[in-house]
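The values are calculated or read from the model by the stated rules, or taken from the named source; none is laboratory data. Every value quoted in this text rests on a predicted model; they were computed, and no experiment measured them. Glycine gets a Cβ as well: all are built from the backbone with ideal geometry, and neighbour counts include every protein chain shown.
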Amino acid sequence: MSFLVMGCGGIGGVVSAGLIEMGQRVFPVARSRDVVDAIAAQGFRLRGEGGPRTVAGRAYLGVPAAEGPFDTVLLATQPTDAEAAMREALPHLTPDARVVCFQNGLCEERVGRILGDPARVIGGVVVWGASMVEPGVFDRTSAGGFVLGRYDGGDDAAVDRLATLLEVIGPVQRTENLAGARWSKLAINCGITSLGCIGGDRLGALVRLRVVRRLMLEIITEVVQVARRLDVRLEKVSGTLDLDWIALTEAERRQAGSVALAGKHALLLAVGLRYRRMRSSMLRAIERGRPPAIDFLNGEVVERARRLEIPTPVNDAVIERVRAIAAGDARPGRPLLADLFRATR
């Protein structure tokens, strides 16, 4: 397989390095000359989960057309850049090339429209974290693997081949219910990524705060309500995290406390501590002068909720504060989290 990897940040860098180690033909595309030069000089320098190591390789500033056509595209950009990356890659693909979306959110439908054949789009739900801490240095912040499935739910031998190769990075689960896996991960990301941006800290520090866990439960509940109205059958995240159970019942939304509610807080605390080193990709984007992907996470939920006439007050308030941070009108931190909590009581 010939891999064109669009995006060389945390996920793209770790995946590229793993496939290169296996002897695959891998062509990562970065948007920064500093990243390209650093990898050319010192390789892919990996830290965190899996131990430190260096993988010799190179990255490109644009699609290396002379190396194509490519039969597999791995879209590892931020959601805000996925469609532009797909358009850039499109002229350099084989007629039956498969495109894998590693983005959080619901990018498969957008990418399928550009590709012109939704059956060739594969969803790759990433259940681990990574970031590029400096050019060419990739820090894997948590263990985990992937959930892979075709956009239309059909069988595909290409998915089987890809699953086998990606096992070197983490365990791979196949699914015929990609929508269910995507919406479950979306619910988690709407809480973790957005609150991480507003709180301005790593997940491990924030999840210890009861108000953060409560906000996360309310965000997840709103996402689950929208998914249910869309007849999405939610999948368990990492095989264990049941979003249908985590979502608050009407009684729990009114209660000060209960045994079930305490159990939900405990589960979120355990998840947060497992991924304690994770830092919000939205916050990193803002720090680098790029737009945060709020419209592709909480915004996707709110847009559908409005069409269904489902109120989503907490997600609405989260979007407002992330946009204020991006505009320079608010500073991330615990006071802003406290303000969000007060405003949504």
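Miscellaneous remarks
- Matching option when the condition is free of Cβ contacts under 8 Å to residues at least 60 places away in the same chain, over 16 Å from Val211 (Cα atoms) and either surrounded by fewer than 19 Cβ atoms within 10 Å (Cβ to Cβ) or within 23 Å of the chain's Cα centre (by Cα) (or both), among Ala262, Ala324, Ala293: Ala324
- Residues in segment 296-321 that are within 24 Å of Arg202 (Cβ to Cβ) and surrounded by fewer than 17 Cβ atoms within 10 Å (Cβ to Cβ): Glu320 alone.
- Checking each residue in segment 302-329 for being more than 19 Å from Ala343 (Cα to Cα) and touching a Ser or Thr at 6+ places or on another chain (Cβ under 6 Å) picks out only Ala305.
- Subset of segment 89-120 [at positive phi and surrounded by fewer than 18 Cβ atoms within 10 Å (Cβ to Cβ)]: Gly116
- Flag for Phe341 being under 15 Å from Arg213 (Cβ atoms) and of a type in the set (Phe, Trp, Tyr): yes
- Criterion violated by Gly116 - all others in (1) touching a helix residue (DSSP H, G or I) at 6+ places or on another chain (Cβ under 7 Å); (2) at pLDDT below 95; (3) farther than 17 Å from Trp183 by Cα satisfied: (1)
- Any hit, segment 185-200, residues being at pLDDT 95 or above and not in a helix (DSSP H, G or I): yes
- Exactly one residue out of Ala40, Ala59, Ala17, Ala66 is of a type outside the set (Ser, Thr, Tyr) and touching a helix residue (DSSP H, G or I) at 6+ places or on another chain (Cβ under 7 Å), and it is Ala59.
- Which numbered condition Glu218 misses (of (1) among the acidic types (Asp, Glu); (2) under 27 Å from Val14 (Cα atoms); (3) touching a residue at least 40 places away in the same chain (Cβ under 8 Å); (4) surrounded by fewer than 23 Cβ atoms within 10 Å (Cβ to Cβ)): (2)
- None of Arg253, Arg277 is of a type outside the set (Val, Ile, Thr), part of a helix (DSSP H, G or I) and either touching a Leu at 6+ places or on another chain (Cβ under 6 Å) or not assigned by TED's automatic domain parsing to the domain that holds Gly144 (or both) except Arg253.
- The criterion of at least 3 residues that are crowded, with 17+ Cβ neighbours inside 10 Å and either touching a strand residue (DSSP E or B) at 6+ places or on another chain (Cβ under 9 Å) or of a type in the set (A, V, I, L, M, F, W, C) (or both) is met by the following strands (runs of 3 or more DSSP E) wholly inside segment 23-65: 25-29, 44-48.
- Cβ-Cβ under 7 Å pairs, at least 6 apart or on other chains, segment 154-173 side over 12 Å from Ala143 (Cα atoms) and crowded, with 16+ Cβ neighbours inside 10 Å, far side modelled with pLDDT of 90 or more and among the aromatic types (Phe, Trp, Tyr): Leu166/Phe146; Val172/Phe146
- Considering residues of segment 66-88 that are charged (D, E, K, R) and within 27 Å of Arg290 (Cα to Cα) only, the residue surrounded by the fewest Cβ atoms within 10 Å (Cβ to Cβ): Arg87
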